[in-house]
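Shown below is the structure under consideration.
The values are calculated or read from the model by the stated rules, or taken from the named source; none is laboratory data. Note that the coordinates shown come from a computational prediction; the quantities given were computed from them, not determined experimentally. Here Cβ is always computed from backbone atoms with ideal geometry, including for glycine, and neighbour counts include all displayed protein chains. Heavy atoms of the whole protein, side chains included, go into the accessibility calculation; ligands, DNA and RNA do not. Shrake-Rupley method; radii C 1.70, N 1.55, O 1.52, S 1.80 Å.
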Amino acid sequence: MISAPRSRVGGGGLSGLLLVALPVLLLLWLVLWPVLQAFVGTLYFPGKGFSAASYVYFFSDAYSLRNLWLTLWVTALTSILRVAAAMPIALYLRFRTGSIAALVQSLALFPLFVPSVLVAYAFIRVLGPNGIVDTLLVAVHLPKLPSPYLQPAGPIIGLVWEGLPLTLLLLLSGLGRVSTASVEAARDLGAGGVTIFTRIILPRIQSSIIVALAFNVLGLFSAFTLPYLLGPASPEMMGPYMQRTFSDNADPLNATTQAVITFAFCAAFGLIYVRAIAKGRKGLR
Amino acid sequence: MNRREFLMVSTAATLAATTRFASAATRLDMYTSSDANISDFFSNIIKPAFESANSGTELNVVIARPQAALDAVVQRALAALSAKADPQLDFIEQYDPLLPAGGIDAGLWTDFSKAGLKNYGTLNKLAIQTPYGLPYRGSQVLLAYDTTKLAKDKVPKTFADLVAWIKANPGQFIYNRPDKGGSGNNFVNRVVHEVSGRDPSKFKVDNFDQATADDVLGKAWAVLNDLAPSLYDKGAYTAGNTASLQLLAQGAVTMIPAWSDQALQAIAKGVLPETTGLVQLTDLALCGDFSKAVIPTNAAHRDDALKLADFLLSQEMQTAIIEKLGGFPAVDWSSLPKDLHDKYADVIPSSIPTFPQGKWTTAVQDGWYRNVAPNISRT
């Protein structure tokens, strides 16, 4: 009688391990193994020994550093803009219901289903030189806007729009944890909108914001299509730079070095994400 | 018939059917890494024509983009050659037969001059650079411009005139990043030719040396940096051939370098307006090239691949290359109808300068990113 539940617990543990075995093995094989291979391959050369020359080159090459710097600030700015743009929509959707809210939600989630190549070409048609915006402005006798196409702002605008849905979904799930009762209680005590947001809502969705930021950073760091099609030729973001070094310059060593450095930054943000998740779970218990 | 019998019978029938089809149809594996207009041309025009002319042969068009993907396939073929295995590759629509290094010496590529092709003799002699690659279509970079803003008689015809025009009309010219498309790349190559005495033969696949490159390319960067402030947006560069065409189509710029085939196709489809003009520089043309098809000697269906090679040089397919693709033929114009020659007189080249792949191209492209692209003033 006593041993039966125990064995069930043991069996459950084993089948649980079996359930996660496939993804874990895939992760080892398709992610961790290539990372290790890249890391070792850029530092150890069979027959020649250890050398960190490619890393020394990267960090002493002004051109490479400028690309890394651009990637960092585009990533930072775009992540913040995404959260800033998604927050009002998320708040609206959390506290309103009805057909207009449903329409807003479907419009906000629409970019999720648009491939980034289409976003890029649509962007050029709309915001590009002599695009739809310019045509409309000219029609009402206003001067044309300077187009962000091929400017640093180009990929940022494109990336913000493209990443809005995921950020919105993450924030909405966080807002689900804010009880309507506590908001109403605060309102009954005379708290204004800003106070409710900063004192009641923000503390509850803090971990969601961190998760959203971390997710965005990971995706943005490796962004390729939009910076490639909408951004200036130079400086380049790390994605296009790595691709160009690998295939155009036929230089796998430096391309791999760039990839390892990029991965190191992403891993740091990954760590922040894992911490936030762990903290969030503790908070729930 | 119960369920089990039904399953057994239907499985047997399916097996019989698949093996029968497999034995009846020879599948010719053809690879391409060219732009979509070329892969579409093969899927929609060459495939049906070739299959109806050779019943029992199926042309399998495999798209291997980007170039690096095709390089991997060729490496596999080279490995298969030494292992005497099937390379699973019968025909590549466009590949440099000088690659991979040592490939020709190892006997990887078929020598077309000895392959007994019926139509080999009709080839344009300008086009044959090596017997290991079969030229079958050509294209050249030229200047496409908006005739509503720039009259046909005022269009620049020499490089010096072009530079003067660009500076006199700031913001009206753009070329794409040299590694992202041949139109911008060959514009940059034309600058390299200009500063080195307009002699394309100075640059060869095997004569790269750093000192000459530093000297010549340094001068080329000076010319390009001098032009940069007069380009669209004070020095912006599009991300590819089609992005340049799009800016021309939107009227944002007046002139761009463009591939002849892409420009002609764009005009035919209405992507570019009818008022688009095309012009080639007369002091030295912008670079162009013939696309060379290759066949590995160890291809499992080498005889059928040779049939396809011969078929591409037939009058019917060469005419299709002109009319449907906007390319120019690899065979001599004398073996094609005369009215075609008159219609496409604008793009028929008198000379086709080339620029070597390999180290020279890498030096030009990476050097451009480091020396020209960053010099942009946004004020």
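With the other protein chains left in place, how much accessible area per residue, in square angstrom, belongs to the stretch A:107-233 at a 1.4 angstrom probe?
Value returned for the stretch A:107-233: 49 Å² of accessible area per residue.
Could I ask something else about it? If you take every DSSP beta bridge fully contained in chain B, what fraction is antiparallel? Give it as a percent rounded to 5.
Of all bridge pairs located within chain B, approximately 65 percent are antiparallel.
Going by average Cβ neighbours within 10 Å, how do the peptides B:101-108, A:62-69 rank, with the highest at the top?
Most protected by this proxy first, the peptides run A:62-69, B:101-108.
Can you compute the FRET efficiency between B:Lys157 and B:Glu323 using 1/(1 + (r/R0)^6), with r the Cβ-Cβ distance and R0 = 25 Å? Round to the nearest 0.05.
E(calc), rounded to 0.05, equals 0.35.
May I pose another question? Among B:Asn54, B:Asn186, B:Asn298, whose mean-square fluctuation peaks in a Gaussian network model of chain B (Cα, cutoff 10 Å)?
Taking springs between Cα atoms under 10 Å, the residue moving most is B:Asn54.
Output the peptides A:197-203, A:171-177, B:312-318 sorted from most to least packed, where packing is the average of other Cβ atoms within 10 Å over each peptide's residues.
Highest mean packing first, the order is B:312-318, A:171-177, A:197-203.
Could I ask something else about it? Return the long-range amide H neighbours of B:Phe328 (sequence gap of 5 or more, or a different chain), with a cut-off of under 5 Å between placed amide H atoms.
Correct list: B:Gly138, B:Ser139.
Against the longest alpha carbon principal axis of chain B, how many degrees, from 0 to 90 and to the nearest 10, is the axis of helix B:159-168 turned?
That helix lies at roughly 70 degrees to the long axis.
Another question, then. Would you be so kind as to identify all helices of chain A, as entire DSSP H runs, whose Cα atoms reach 20 Å or more along the helix's own axis and whose mean Kyte-Doolittle hydropathy is at least -0.5?
Taking the DSSP H segments of chain A (at least 20 Å long, mean hydropathy at least -0.5), we get A:3-27, A:62-95, A:153-175, A:202-221, A:252-284.
About its Cα centre, how strong a charge dipole does the stretch A:62-284 have in debye, to the nearest 20, once Lys and Arg get +1 and Asp and Glu get -1 at the Cβ?
That gives a dipole near 760 debye.
Whenever you get a sec, compute what percent of the accessible area on the stretch A:110-201 sits on carbon and sulfur atoms (1.4 Å probe).
Carbon with sulfur: 71 percent of the solvent-accessible area.
Turning to a different aspect of this structure: Place +1 on the Cβ of every Lys and Arg and -1 on the Cβ of every Asp and Glu in the stretch B:29-83, take the dipole about the Cα centre, and give the residue among B:Thr32, B:Ala69, B:Phe42 whose Cα lies farthest towards its positive end.
B:Ala69
Can you give me the accessible area per residue for the stretch B:257-352, using a 1.4 Å probe, in Å²?
That works out to 40 Å² per residue.
Work out the length of the dipole vector of the protein assembly as shown about its Cα centre, built from +1 on the beta-carbon of each Lys and Arg and -1 on the beta-carbon of each Asp and Glu, and round it to the nearest 20 debye.
Here the size comes out at about 2940 debye.
Quick one: which residues, 5 or more positions from B:Gln88 or on another chain, have an amide H under 5 Å from its amide H? H modelled 1.01 Å from N in the peptide plane, none for Pro or chain starts.
HN-HN under 5 Å from B:Gln88: B:Ala300.
Hey, another quick one. Cα gyration tensor of the stretch A:99-168, axes a ≥ b ≥ c as square roots of the eigenvalues: rounded (a/c below 1.5), prolate (a/b > b/c) or oblate?
The shape class here is oblate.
Follow-up question, since we're still on this one. In what sequence, highest mean first, do B:154-163, B:198-207, B:287-296, B:232-241 appear when ranked by Cβ atoms within 10 angstrom?
Peptide ranking by packing, descending: B:287-296, B:232-241, B:154-163, B:198-207.
Hey, another quick one. By its C-alpha gyration tensor, with a ≥ b ≥ c as the square roots of the eigenvalues, how is chain A shaped: rounded for a/c under 1.5, else prolate for a/b larger than b/c, else oblate?
Oblate, because a/c is 1.5 or more while a/b does not exceed b/c.
Can you send over the carbon and sulfur percentage of the accessible area for chain B, probe radius 1.4 Å, protein chains only?
It is 54 percent, rounded to a whole number.
When a/c reaches 1.5 or more, the comparison of a/b and b/c decides; with that in mind, is the stretch B:117-270 rounded, prolate or oblate per its Cα gyration tensor?
oblate
If you don't mind, there's one more thing I want to ask. Accessible area lost on pairing A with B, both sides, 1.4 Å probe, Å² to nearest 100?
Chains A and B together bury roughly 2300 Å² of accessible area.
Let me confirm one metric for peptide B:250-256, namely the mean number of other chain beta-carbon atoms within 10 Å of its residues' beta-carbons.
If you average over the peptide's residues, the count of other-chain Cβ atoms is 3.
While we're on this one: Out of residues 5 or more away from B:Thr238 or on other chains, whose amide H comes under 5 Å of its own, with H placed 1.01 Å from N in the peptide plane?
B:Tyr175, B:Asn176, B:Arg177
Turning to a different aspect of this structure: For A:240-252, what's the mean count of beta carbons from other chains sitting within 10 Å of each residue's beta carbon?
4
Once Lys and Arg get +1 and Asp and Glu get -1 on their Cβ, which of B:Leu117, A:Gln206, A:Thr71 lies farthest toward the positive end of the dipole of the protein assembly as shown?
Farthest along the dipole direction, towards plus: A:Gln206.
Also, quick follow-up: On a 0 to 90° scale, report how tilted helix B:359-371 is relative to the longest principal axis of chain B, with both axes built from alpha carbons and the result rounded to the nearest 10.
The helix B:359-371 is inclined about 50 degrees to chain B.
Right, something else. Would you mind checking the tilt of helix B:67-83 against the longest principal axis of the Cα atoms of chain B, expressed as 0 to 90 degrees and rounded to 10?
With both axes taken from Cα atoms, the answer is about 40 degrees.
A follow-up question, please. When the accessible area of each residue in the stretch A:116-148 is compared between its chain alone and the complete protein assembly (1.4 Å probe; ligands, DNA and RNA ignored), which residues differ by at least 30 Å², being lower in the assembly?
Flagged in the stretch A:116-148: A:Tyr121, A:Ile124, A:Arg125, A:Pro129, A:Asn130.
Of B:Ala228, B:Pro87, B:Leu134, which is farthest towards the positive pole of chain B's charge dipole, taken about the Cα centre with +1 and -1 on the beta-carbons of Lys, Arg and Asp, Glu respectively?
Among B:Ala228, B:Pro87, B:Leu134, the one farthest towards the positive end of the dipole of chain B is B:Ala228.
If you add up the charges near A:Ile200, with Lys and Arg at +1 and Asp and Glu at -1, over every other residue whose beta carbon is less than 14 angstrom from its beta carbon, what do you get?
So the environment of A:Ile200 carries a net charge of +3.
Ok, one more. Could you please state, rounded to a whole Å, how far the C-alpha centre of the stretch A:43-107 is from the C-alpha centre of the stretch A:197-260?
A separation of 4 Å, based on Cα centres.
Next question, about the same structure. When you look at the Cβ of every residue in B:225-238, what mean number of other chain Cβ atoms sits within 10 Å?
So the per-residue partner count for this stretch is 2.
Next question, about the same structure. Please go through the residue pairs B:Lys157/B:Lys338; B:Lys292/B:Lys324; B:Lys152/B:Lys180; B:Lys84/B:Lys118; A:Lys144/B:Lys269; A:Lys144/B:Lys234 and name each one whose alpha carbons sit more than 23 Å apart in this structure.
B:Lys157/B:Lys338; B:Lys152/B:Lys180; B:Lys84/B:Lys118; A:Lys144/B:Lys269, as the Cα separations exceed 23 Å there.
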